[in-house]
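Asks: Quick one: structure below, then a few questions.
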Amino acid sequence: IGGALRVGFGKYLRVGIEGYVSTHKYKPNASSAKIGWGGLLIDSHWHINKFTIFTGSVFGGGSYTHITLIDCDHNNPAGNYAEDYVVENQYVSYRHYPFFVIAPFVGMEYSLTKRISLVAKIDYMLNASNWSADYATGPRVFIGFMFGR
């Protein structure tokens with residue numbers, strides 16, 4: 001969930017701000033990772049009929065939260081958090097830390113109307129200041145709508 005506010009400068013340059021939240025739930029036992037970030041957006045774009053191709057990057061700050069629930073006794077069915085929410089037989093690892101974000105991206109917009117576009121974007125968020133082995137990394141795909149003036 002998130003969005004961007006951009007202003008065009010010249011024929012190809014856009015500058016603005018952007019912010020998002022990404023959440024990933026995974027096993028074992030309904031563990032999760034959550035990244036919230038935002039910052040200065042700089043991109044270049046090219047119009048081809050109803051399509052706009054763009055590439056750029058975001059520079060800013062982010063926050064990472066990682067909760068890992070580990071079952072202590074794999075032989076005890078009551079320890080399976082995802083099934084019945086019994087947590088007495090588990091260990092919990094909670095990590096939360098800020099970091100500096102560099103997030104290069106590439107994407108495409110398709111104009112549905114004069115003011116509404118369908119957007120598809122791929123980014124790769126780099127933790128540039130506080131990297132840790134539990135940091136969830138990899139490309140992300142965004143699909144949504146952009147409202148403009």
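The values are calculated or read from the model by the stated rules, or taken from the named source; none is laboratory data. Computed from a predicted structure; not experimentally measured. Every residue, glycine as well, gets a Cβ built from its backbone with ideal geometry; the counts of neighbours run over all protein chains shown. Surface accessibility is based on the protein's heavy atoms, side chains included, excluding ligands, DNA and RNA. Shrake-Rupley method; radii C 1.70, N 1.55, O 1.52, S 1.80 Å.
Asks: Considering only Phe105, Phe59, Phe51, give the residue with the highest GNM mean-square fluctuation for the chain, with springs between Cα atoms whenever their separation is below 10 Å.
Replies: Of Phe105, Phe59, Phe51, the Gaussian network model singles out Phe51 as fluctuating most.
Asks: Just the number, please: carbon plus sulfur as a percent of the accessible area of the chain, 1.4 Å probe, no ligands or DNA/RNA counted. Could you put the intermediate results ahead of the total?
Replies: Values: 5980 of 9330 Å².
Percent of accessible area from carbon and sulfur atoms in the chain: 64.
Asks: Moving on. Heavy atoms only, 1.4 Å probe, whole protein assembly: order Arg95, Arg115, Arg149 by accessible area, highest first. It would help to have the intermediate numbers written out before the result.
Replies: Working: Arg95 90, Arg115 120, Arg149 260 Å².
Listed by decreasing accessible area, they come as Arg149, Arg115, Arg95.
Asks: State in Å² the accessible area per residue of the chain; use a 1.4 Å probe, count heavy atoms of protein chains only, and round to the nearest integer. Mind dumping the intermediate values first?
Replies: Values: 9330 Å² over 149 residues.
Spelled out: the 1.4 Å probe surface of the chain, per residue, equals 63 Å².
Asks: Now a separate question. Let me check I've understood the local charge: for Lys50, count other residues with C-beta under 12 angstrom from its C-beta, Lys and Arg +1, Asp and Glu -1. What total comes out?
Replies: Working: positive: Lys114; negative: Glu109.
With Lys, Arg at +1 and Asp, Glu at -1, the net is 0.
Asks: Mind telling me which of Lys121, Lys34, Lys25 comes out most flexible in a GNM of the chain, alpha-carbon contacts under 10 Å?
Replies: Lys25
Asks: A further question on this structure: Please give the contour-minus-distance gain from Tyr110 to His24: 0.36 nm per residue of separation, less the Cα-Cα distance, rounded to one decimal in nm. Provide the component values of the computation, followed by the final result.
Replies: Values: separation 86, 0.36 × 86 = 30.96 nm, distance 2.77 nm.
Extra length from Tyr110 to His24 when fully extended: 28.2 nm.
Asks: Pull up all non-local amide H partners of Ser129: gap of 5 or more, or a different chain, and H-to-H distance under 5 Å with H placed in the peptide plane.
Replies: Phe100
Asks: Taking a temperature of 37 °C and a viscosity of 0.692 mPa s, what whole-number D in µm²/s does Stokes-Einstein yield for the chain with Rh from Kirkwood over alpha carbon pairs? Working shown, then result.
Replies: Details: Rh = 17.5 Å.
Translational diffusion coefficient: 188 µm²/s.
Asks: Please give, to one decimal in nm, the separation of the simple spin-label points placed at Thr55 and Ile67, each 7 Å out from Cα toward the Cβ.
Replies: 3.9 nm
Asks: How high is the relative contact order of the chain, in percent, with contacts defined as C-alpha pairs under 8 Å that are six or more residues apart? Intermediate results must be reported in sequence, preceding the final value.
Replies: Values: 352 pairs, mean separation 25.7, N = 149.
Relative contact order comes out at 17 percent.
Asks: Quick one: Karplus J couplings for the range 10-19, per residue in order, coefficients 6.51, -1.76, 1.60, θ = phi - 60°, nearest Hz, x for Gly and Pro?
Replies: x, 7, 10, 9, 10, 10, x, 10, 8, x
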